[in-house]
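Take a look at the structure set out below.
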Amino acid sequence: MDAGDGWQPRRRLQLDVIRAAAILVVVACHAGFLPPLAGNVGVTMFFALSGFLITTLLLEEHRASGAVSLRRFYFRRACRLFPALMLFLAAMGVVTWVSQAPVVASGRDFVGAILYVGNYTTAMQGRDSAIGHTWSLAIEEQFYIVWPCVLIVVLALGRGRFAFATLVAGLGSLTAVVLRLMLWDDGRGVLRVHFGADTRMDGLLIGCLAALWLHTRAPGRAHPWAAAGLLGLVASSSMVEDPRVAVLVLPTLVAAATSLAIVLVAPGPAVGLFASPKLQLVGRRSYGIYLWHHPLVGGAAALAAPGRWPALLLAALLTALVVHLSWRCVEEPFLRLKDRVGHVRAEQLEISLR
C-alpha cells in the first residue's frame, strides 16, 4: 500500500485527553498522592505522545511535499517550547536570587535547562531543584535533534523506506532496554538509567512506531473504550514502588500501552472520556502545567501537617492562574506565529501539537 493512502491526521482532541492523563499522574506524584517514582509513568506517556506526533508531522510533510525541512521543523519546535520555558526560568531565576531555600537552582542547573542538557547536568548528579524536572524536556529535545535527521535519511531510500524506519525505531527501542539492564548494576546505576537519553529513548521510539503503523495502513475503526481501559491500566501502574520494575520495565510497558491507546483512539472522533472538554483543556495546557507545578505543588507537598493541605490547594490555584497567563500571554502568540510561518501546506497538515 502506498503510504499516501493510509491514515490521514487532523486535529485530534482525544490526544489532549491522553496528555491530560499524563500530566495528572505527574502532578499527583509531586503532590504526594502517589509513590515517588510514579511521575515516571506520566513522563513516559509524554515521551510516547511526542514520538508519535513528531513522526506524524514529519511523515505528513514528506507525503505532501516530497521532502522534510529541518529549518521549519526546528522553528516550530522553538516556537512551541522555548518561550514558555524562558518565562518559567526567568521567574525561577528571581526566586533563586531572593531565596536561600535548599531547592533553589544553581547556575549549572539553569545552563543545563536552557541548553536542554539538564538530564546530565542536574538530574544525573542526584540533585533536585525547583527546575530539576526539566530533565525530561532535555531528553525530548535531544530526540528532536537526532530522529528527524535519521528519518530524512531513511525516507530518501525510496522503496521499503517505511519498513526500514520501523526496523530502526524497533532496534533503537530494544537497545534502550538492553542498556538499562546493563547499566542498572543492582541499583547503583539508577540515576544513569533513569535520566539518560539513550536509556529512555524507547519511550519516544515506541511512539514513532505507532505513527509509522498508522501512516502505512488504511483508516480503521476507533476503539475508544479499549483505549480508555489501557489508560486506566497505565495510571494504575503508577502505584508500583519496586524500583527495579519502575525504572527497568515500566518505561517500555507504559510507552507501549500509551502508543496502543493512541492507535486505538486516533482514527475516529472524540467520544466518551475522550470528548471531555475539561480534560481536553488540561491536555492543551499540559506543557505549562508541567513547567509550573513542580516548584509550587511540590513545595507545598513538602510542608508538614496541618498546613500542608491548605498550601496544596493554594498551590493548585496559583498554578492554574500562572499557567493561564502563560498560555494567553506567551504560548498562544507564539503558536500563532508557528502556524503562520512554520507549516508546510497547512491545509494538508491539520494535526496539532498543542
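The values are calculated or read from the model by the stated rules, or taken from the named source; none is laboratory data. Because the structure is predicted, anything quoted here is derived from the model rather than measured. With ideal geometry, Cβ positions are generated from the backbone for all residues, glycine too; neighbour counts draw on all protein chains shown.
Quick notes
- Among (1) buried (at least 16 other Cβ atoms within 10 Å of the Cβ); (2) free of Cβ contacts under 8 Å to residues at least 24 places away in the same chain - the single one residue 133 does not satisfy: (2)
- Residue in region 257-279 that is surrounded by 17 or more Cβ atoms within 10 Å (Cβ to Cβ), touching a Gly at 6+ places or on another chain (Cβ under 8 Å) and closer than 28 Å to residue 326 by Cβ present: yes
- Verdict on residue 73 being at pLDDT below 95 and assigned to a helix (DSSP H, G or I): yes
- Inclusion of residue 139 among residues that are under 21 Å from residue 192 (Cα atoms), among the aliphatic types (A, V, I, L, M) and touching an Asp or Glu at 6+ places or on another chain (Cβ under 9 Å) is not warranted.
- Failed criterion for residue 225 (all others in (1) in contact with a Phe, Trp or Tyr (Cβ under 9 Å, 6 or more places away or on another chain); (2) assigned to a helix (DSSP H, G or I); (3) not aliphatic (A, V, I, L, M) hold): (1)
- Apart from one condition, residue 202 fits all of (1) more than 19 Å from residue 54 (Cβ to Cβ); (2) at pLDDT 95 or above; (3) in contact with a Ser or Thr (Cβ under 6 Å, 6 or more places away or on another chain); the exception is (1).
- Residues of region 66-78 satisfying the condition of being among the hydrophobic types (A, V, I, L, M, F, W, C) and closer than 16 Å to residue 138 by Cα: 78
- Check on residue 263, free of Cβ contacts under 8 Å to residues at least 60 places away in the same chain, part of a helix (DSSP H, G or I) and in contact with a helix residue (DSSP H, G or I) (Cβ under 9 Å, 6 or more places away or on another chain): yes
- Residue match in region 226-233 (condition: surrounded by fewer than 14 Cβ atoms within 10 Å (Cβ to Cβ) and within 24 Å of residue 180 (Cβ to Cβ)): yes
- Counted residues, region 277-305 - those being farther than 12 Å from residue 23 by Cα, in contact with a helix residue (DSSP H, G or I) (Cβ under 6 Å, 6 or more places away or on another chain) and either outside any helix (DSSP H, G or I) or among the basic types (Lys, Arg) (or both): 1
- Residues being touching a residue at least 24 places away in the same chain (Cβ under 8 Å), surrounded by fewer than 20 Cβ atoms within 10 Å (Cβ to Cβ) and farther than 26 Å from residue 169 by Cα - total across region 102-130: 6
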